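Have a look at the structure below before the remarks.
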Amino acid sequence: MYNHKPPVLWQFTLFNLILLVLLGAWLWQKNQPVIVPDAILPVDAAAKVQCVSYAPYYGKDQTPFKIGTHITQSQIDADLERIAKVSNCVRIYSVGQGLDYVPAAAQKLGLKVLVGAWIGWTAADNNKEINLATALANQYPNTVKAVIVGNEVLLRGEQTEEAMQAYIARAKQLTKVPVTYADVWEFWLNHRNLEQSVDFVTIHLLPYWENNPQSVEQSIQHANIVMNKLDTAFSKPILIGETGWPSTGRQRGTSIPSALNQARYIRTFLREAEQKHWQYNLIEAFDQPWKRGLEGAVGGFWGIYDTELSPKFNLTGPVFDRHDGIMPALFAAIGAFILCAVTFVVGQKHVPSYIGMAILGALAGVTSLLQLEYLGALCGDGSIFGALSCVPTAGRPLASVIMGLQWLSMGGAVLAAWLMLLSLPVLIYQQSAQAVRFVKLMVVLLLVGALAIGLLLTVDGRYRDFPVMIYALPVLQFSLGLWLAKTPLRFTNPVSLVLGVGALTTALVSYLIEPLNYNAAYWLGVLVLFTVPLLFKKQ
């Protein structure tokens, strides 16, 4: 079936060189400074943002869902000291798990606090939160600006409008500090009677999470449209209780998470807020890894600080989308060395063979850097090293299962992709039956992962990611690279055919759901390239 004459590899080498140059150019462009309009902040407020959400669950295994979680006073002191450098106020969402210390810590730093009373399903827990939140407001009346009774409770469907009115009324009986309720702006328009219960209206305005996701270029125009609607609908003051942009995660329509877009949105929003005299609170101070179990990878990357407590961007000056340094070159060198070593073991002595495999290895090395970052965003800290030790946890059983399945599918796909690429020198130069069987097995494993990921995308696509970066290189090598290397793998069997068609079908469904999402289009293209070779036997 396979001849043992070494193939002519110039087409294969040129193909991979073009891919490497394109990938290198993309990385170079992402590392260039971008001029973004500077934020405008009030001079009388020491050039700080008005307010920022504070949740302390950025450390390893920290999550509000873990029973017995208690945040230490020393952590809160250190966190607020850091926040006080950029903001005059913090918003907290609950007074449990040690967060009742926040007003005392804020008072020492001159920070104001929007104290949240978390409202969920259970009346006893809700009343306990309201009692403690209002007691703190009464104890620190010069620090606590308002008590926010409930956060997106109506959105989650955990209480009715009438129940929320009763909870708000109870809080107002217990304190003279202003009392409000926070929810997505559409839910305020759907529950306008709540205005009579609160001292001011607190809305959430998040262009990324809109039912019709907004691009970063259209986001401020959208914010103005929303605020005009709300100004018309309500007579009481309006606080934008949450607004922001994620730095990493799944594209939704034309709404693209990135470090650059996060900086662009926040800077532009701050300019608009200063000019329009909007009251606002940014979400959020620190990245929250635990939120990925609820919202996918994007949920963990809304902070203006990462989990290492480093600022992601400045409010003035140029902005960088990536800060790679020498890492791509280092990974490229490692990848080139590994594939050249495999080529040597195979017994090839020709310089063109080493050049071809060095280029493929460099391409695989740089790609592996991006793959590790991708896995790290799913369940680690967003770094390449986080992907090596991360274990997906979500705090809730169903979310944990889904997140674990996604991570196993993608992690397994990465492993299969690496093993496949490592075996290519053996397949191309020796064309042994064992190498053919091994690569076929890796293809089947990749198809299993693609189908599992595709099913998640179709049934839970709002919070799932398109693994284009994981699949692009192995699929390109399987569909085009091996053909150019005169070693095409074309095989049909019921298992691979069913897996391929199933994965392709789910990719098509995902694209039809989100035709403006270019990642959905790329994923569909990758699955087309992956499936077509399965339809033809080698002649």
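Note on residue 104/residue 186: beta-carbon distance plugged into 1/(1 + (r/R0)^6) with R0 of 45 Å gives a FRET efficiency of 0.80. Once the chain from residue 232 to residue 97 is taken as fully extended at 0.36 nm per residue, the excess over their C-alpha distance is 44.7 nm. The length gained by stretching the chain between residue 67 and residue 274 to full extension, at 0.36 nm per residue less their Cα-Cα distance, is 70.4 nm.
Using 0.36 nm per residue and subtracting the Cα-Cα separation, the extra length available between residue 326 and residue 139 on full extension is 62.0 nm. Distance between the 7 Å Cα→Cβ label points at residue 529 and residue 166: 5.9 nm. For the chain, the longest principal axis of the C-alpha atoms and the axis of helix 161-174 are separated by about 50°.
Of the peptides 244-257, 264-277, 91-104, the ranking by mean beta-carbon count within 10 Å, highest at the top, reads 244-257, 91-104, 264-277. The trypsin sites (Lys or Arg not before Pro) found in segment 304-377 that occupy coil by DSSP, while having at most 13 further C-beta atoms within 10 Å, are 349. Once you reduce segment 427-461 and segment 282-335 to the center of their Cα atoms, the two points are 31 Å from each other. Calculate how many DSSP beta bridges within the chain are antiparallel, expressed in % of all such bridges and rounded to the nearest 5. So the antiparallel bridges amount to about 10 percent of the total.
Roughly how tilted is helix 73-83, in degrees to the nearest 10 and between 0 and 90, from the longest Cα axis of the chain? For 73-83 against the chain, the angle is about 80 degrees.
Shape class for segment 43-300, computed from the alpha carbon gyration tensor (a ≥ b ≥ c): rounded, with a/c under 1.5. Amide H contacts of residue 280: 240, each under 5 Å away and 5 or more positions distant or on a separate chain (H built 1.01 Å from N in the peptide plane; Pro and chain starts excluded).
Per-residue ellipticity at 222 nm, computed for the chain from helices alone with -39500 (n - 2.57) per DSSP H run of at least four residues, works out to -17000 deg cm²/dmol. Which angle between 0 and 90 degrees, to the nearest 10, do you get for helix 433-460 versus the longest principal axis of the chain when only C-alpha atoms count? Relative to the chain, helix 433-460 is tipped by roughly 20 degrees. Given R₀ = 41 Å, FRET efficiency for residue 349-residue 495 by Cβ-Cβ distance, to 0.05? After rounding, the FRET efficiency stands at 0.60.
Other residues within the sphere of radius under 12 Å centred on the Cβ of residue 76, judged by their own Cβ, net out at -2 (K and R +1, D and E -1).
For segment 43-300, the antiparallel share of DSSP beta bridges with both residues in that region comes to about 5%.
None of the figures in this text is laboratory data; all of them are computed from the coordinates on show. Because the structure is predicted, anything quoted here is derived from the model rather than measured. Here Cβ is always computed from backbone atoms with ideal geometry, including for glycine, and neighbour counts include all displayed protein chains.
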